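The values are calculated or read from the model by the stated rules, or taken from the named source; none is laboratory data. Just so it is clear, the model here is predicted, and its values are computed rather than measured. All Cβ positions, even for glycine, are placed from backbone atoms using ideal geometry, and neighbour counts span all protein chains on display. The accessibility values were calculated without ligands, DNA or RNA, using every heavy atom of the protein model including side chains. Shrake-Rupley method; radii C 1.70, N 1.55, O 1.52, S 1.80 Å.
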Amino acid sequence: MARHIDILENPETAIAEATTTLAEGLPIGLPTETVYGLAADATNPAAIARIYETKGRPRFNPLICHMSDLAMAERYAVFDPISRKLAEAFWPGPLTLVLPLRPESGIHPLATAGLDTVGIRVPQGFAGALIRAFDRPLAAPSANTSGKISATSADHVDDDLGERISLILDAGASVVGVESTIVKVEDGEIRLLRPGGLAASEIERVAGKALKRKKKASAAIEAPGMLASHYAPGAAVRLDATDISANEALIRFGTPDIAGIERAIAVLDLSPSGDLSEAAANLFDFMKRADASGAVTIAFSHIPDEGLGEAINDRLRRAAAPRE
Ligand code: TXA
Ligand code: MG
């Protein structure tokens, strides 16, 4: 088990212990508003290698580099006017911008998978304060074994990676619950690389134009690392369920009519009032709970594709994708 430090009870100890561990080149469990990250010094190749090793990632994918604020981000990447406008509107927050990397930025190529771009995000709350104290960007994928469900609490991190890391900072449940929205501005167009915790409509409102989405039919992986099967619980996953069979757990959204609901091994409601933000915050924890119920299959009722529903459905399609 890793050592836990509660950031609300002991903020100074948390910063001191975390900066010491990071300076030693070791990854830590770091709470952010989206999900818990497995964070390490983005300028230290040994530290980044340990992220891959700890997650058991099969190959080197570009990692998101977390900064304390826009001024810090400008030291590492070049901002076009649209990206700057989005950063000013949504940072700190669940938005990642893919930007051209500055030459000699100091971010190690292992963190960017050798690309000439970098994914940057400024997280809310404690993580931002820690980065300010450490004064270096932190590379941080979600704190879970590769391919498994992302962690939205310190206990999730500990259950999955506790044997492999020494320190987890504990800030309770992640408020957003799904990973950041990733966009890349190219030739004045904003491409949505991954739907996430910031609704696409919010970005469109500030930018004053529609996002370019990849065509639903295309199987092409736009952002490296966006593998088809991902977020996979032990149980199989079935979407748009309108009935329940034996050995199934039900995760519903509101209270749709579900035939055979009395047969369900477990019934969890992502949001009784039909609030997609609440549903996103509960998603990964409920998937873990449904998995722990012993169900062979987790059936999900329909979730609308608007607002944060786009990110939820993206994660669910990956969870339901054929496993390798
Ligand atoms: O909310 C989040 O974004 C969380 C928390 C911890 O901040 N982090 C996260 O990181 O989800 P990760 O490593 O699981 O997702 C990184 C993804 C990559 O798989 C890739 O798709 C995209 O971000 N990415 C990163 N850098 C990129 C780049 N230079 N070009 C294109 N895509 C990039
Ligand atoms: Mg992940």
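For Leu99, are the conditions met, namely being within 13 Å of ligand 1 (Cβ to nearest atom), at pLDDT below 95 and either part of a strand (DSSP E or B) or in contact with a Pro (Cβ under 6 Å, 6 or more places away or on another chain) (or both)?
no
Can you tell me which residue is surrounded by the fewest Cβ atoms within 10 Å (Cβ to Cβ) among those in the stretch 103-126 that are more than 8 Å from ligand 1 (Cβ to nearest atom) and over 18 Å from Asn44 (Cβ atoms)?
Ranking the qualifying residues of the stretch 103-126, first place goes to Pro103.
Considering only the stretch 131-182, state which residues are within 13 Å of ligand 2 (Cβ to nearest atom), in contact (Cβ under 8 Å) with a residue 40 or more places away in the chain and in a helix (DSSP H, G or I).
Residues satisfying the conditions are His156, Val157, Leu161.
In the set Glu204, Glu262, Glu186, which member is under 30 Å from Phe60 (Cβ atoms), more than 16 Å from ligand 2 (Cβ to nearest atom), surrounded by fewer than 16 Cβ atoms within 10 Å (Cβ to Cβ) and modelled with pLDDT of 95 or more?
On inspection, the qualifying residue turns out to be Glu186.
Taking Ala40 and the conditions (1) away from ligand 1 (no atom under 12 Å from the Cβ); (2) within 12 Å of Phe134 (Cα to Cα), which numbered condition does it fall short on, given that it satisfies the others?
(1)
Determine which member of the set Arg84, Arg164 is open to solvent by 10 Å² or more (accessible area, probe 1.4 Å), within 30 Å of Ala210 (Cβ to Cβ) and of a type in the set (Lys, Arg).
Residue meeting the stated conditions: Arg84.
Only one of these conditions is not met by Pro92: (1) in contact with a strand residue (DSSP E or B) (Cβ under 6 Å, 6 or more places away or on another chain); (2) not in a helix (DSSP H, G or I). Which number is it?
Of the numbered conditions (1) in contact with a strand residue (DSSP E or B) (Cβ under 6 Å, 6 or more places away or on another chain); (2) not in a helix (DSSP H, G or I), the odd one out for Pro92 is (1).
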